[in-house]
Amino acid sequence: MSTASGRATPRGLAEKVRSIRAGQRAAIARAITELENGLPSAAALSAALESFAGRAQVVGVTGPPGAGKSTLVDALVRECVSRGRRVAVVAIDPSSPITGGAVLGDRIRMGAAGSDDAVFIRSLASRGHAGGLARPVRRIVDLLDAAGFDEIVVETVGAGQSDVDIASLADASLVLCPPGLGDDVQAIKAGILEIADLLVVSKGDLPQAERAERDLKDMLHLRAPCEGWRTRVLRTSATTGEGIAALADALDTHRAEVGAGRRHARGASPAHADPQAELRGFGERDPWQQHTAIRFVEGGPGRATMSMRVGREHLNFNGKCHGGAIFSLADSAFGLASNSHGVVAVGIDTHATFELAVGEGDLLVARAIETSRSARIAVYRVDVTREDGSRVSSFTGTVYRTRRRHDGGAPEGAA
């Protein structure tokens, strides 16, 4: 049940959540479409499902184009199903920069796994989103988690060395390294290899596979160990089945040692039981946001969504929305997302691009997502879109994380 504006009524929302929680495939598919298209009811649906998420293990599968990601995912999913698990797959396909369309062909290579009732596969277009993922993938993963799937496999687009967004979403990150990828130095370069919980030599039946495995193991000696987990190197062949059971065993070990639902726990402060209410309060106390009619929509650890209806006060001399107003909207989302972990974050660098002119009456939405965070530095990406989903602006920002807490408590890390 919904209103004429497309927003679900409280009763309709409750029915939708019950259907998703019951694992009804049609309801899950419709809800994913709702989130993917950013419909007005999407935020309320995500908020209603959030409390049910956090149980599933999210497995990120990334690597360069042609590494055999989809074929490996198909074999891994079948192995997990044979162990009595329910598995969902979210496969991200690149969008054409010319037509905006996407082939969505990854699922074709997962035909064997996709025919099982215990498996749900959904392809998403990246729609120009950088980093290897698609903008709504986090909400979709939470939805599938709430629907009761035991494992959720997220396959990125063909990734380069800087496409590391999957690390902030996945509990376990698998980086595929096919034999013959490049010279020996390739194995020690910074970037995508550093996010791996499991380094997987795919196409392990090829002649150079043993050398690739040896190079990766040597590379691990040069890398600082991850707290709580020792990165493994595995060799697999999806066509022969070599190493697939061992890969599934390694994921089980990772879950036992590290846990699941880390995307919700990362950076969460126990002193902030309701981060969304805190972020809303930040926005309501911000005079500039009030002056520019920027409104808080939703948020949580590492993320924030803001909106702005373009009015006459936002227009420039050409009658279009002023770039400064769009920047302010993106910067507001960036500011709240970066301050969502209980400590004061100070902006040190920003960069924005503008892709589409908008006019009076247009509703703009800015969604900020944390892409990486260390003890003192964090990076955020903000996409500003029009109500129809068209991207207006892209924004990246870097902050320095101080030790000062917003609540005036003891500094972070103090005894």
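The values are calculated or read from the model by the stated rules, or taken from the named source; none is laboratory data. Note that the structure is a prediction, hence the values are computed from the model and not measured. Cβ placement follows ideal geometry from the backbone for every residue including glycine, while neighbour counts extend to all protein chains displayed.
For the reader, a short list of remarks on this structure follows.
- Residues that are over 22 Å from Ala345 (Cβ atoms) and either more than 29 Å from the chain's Cα centre (by Cα) or among the aromatic types (Phe, Trp, Tyr) (or both), drawn from the stretch 292-323: Gly311, Arg312, Glu313, His314, Leu315, Asn316, Phe317, Asn318, Gly319, Lys320, Cys321, His322
- Ala67 assigned by TED's automatic domain parsing to the domain that holds Gly259, in a loop (DSSP other than H, G, I, E, B) and touching a residue at least 12 places away in the same chain (Cβ under 8 Å): yes
- Residue in the stretch 345-368 that is more than 24 Å from Ala125 (Cα to Cα), among the β-branched types (Val, Ile, Thr), free of Cβ contacts under 8 Å to residues at least 40 places away in the same chain and not in a loop (DSSP other than H, G, I, E, B) present: no
- Residue in the stretch 44-85 that is modelled with the highest pLDDT, counting only those that are among the small types (Gly, Ala, Ser) and within 30 Å of Arg11 (Cβ to Cβ): Ala56
- Taken over the stretch 238-264, the residue count meeting the criterion of being surrounded by 19 or more Cβ atoms within 10 Å (Cβ to Cβ), in contact with a helix residue (DSSP H, G or I) (Cβ under 8 Å, 6 or more places away or on another chain) and more than 16 Å from Ile152 (Cα to Cα) is 2.
- Qualifying position, being in contact with a Lys or Arg (Cβ under 6 Å, 6 or more places away or on another chain), over 16 Å from Thr62 (Cβ atoms) and modelled with pLDDT of 90 or more, among Gly204, Gly243: Gly243
- Qualifying residue in the stretch 404-415 (condition: in a strand (DSSP E or B), surrounded by fewer than 17 Cβ atoms within 10 Å (Cβ to Cβ) and at pLDDT below 95): yes
- Enumeration of residues in the stretch 26-56 that are small (Gly, Ala, Ser) and part of a loop (DSSP other than H, G, I, E, B): Gly38, Ser41, Ser51, Ala53, Gly54, Ala56
- Residue match in the stretch 334-344 (condition: assigned to a strand (DSSP E or B), touching a strand residue (DSSP E or B) at 6+ places or on another chain (Cβ under 7 Å) and in the same structural domain as Leu279 (by TED's automatic domain parsing)): yes
- Test result for Val297, in contact with a Cys (Cβ under 7 Å, 6 or more places away or on another chain) and modelled with pLDDT of 90 or more: no
- Screening Ala113, Ala118 for residues that are closer than 27 Å to Gln24 by Cβ and modelled with pLDDT of 65 or more leaves exactly one candidate, Ala118.
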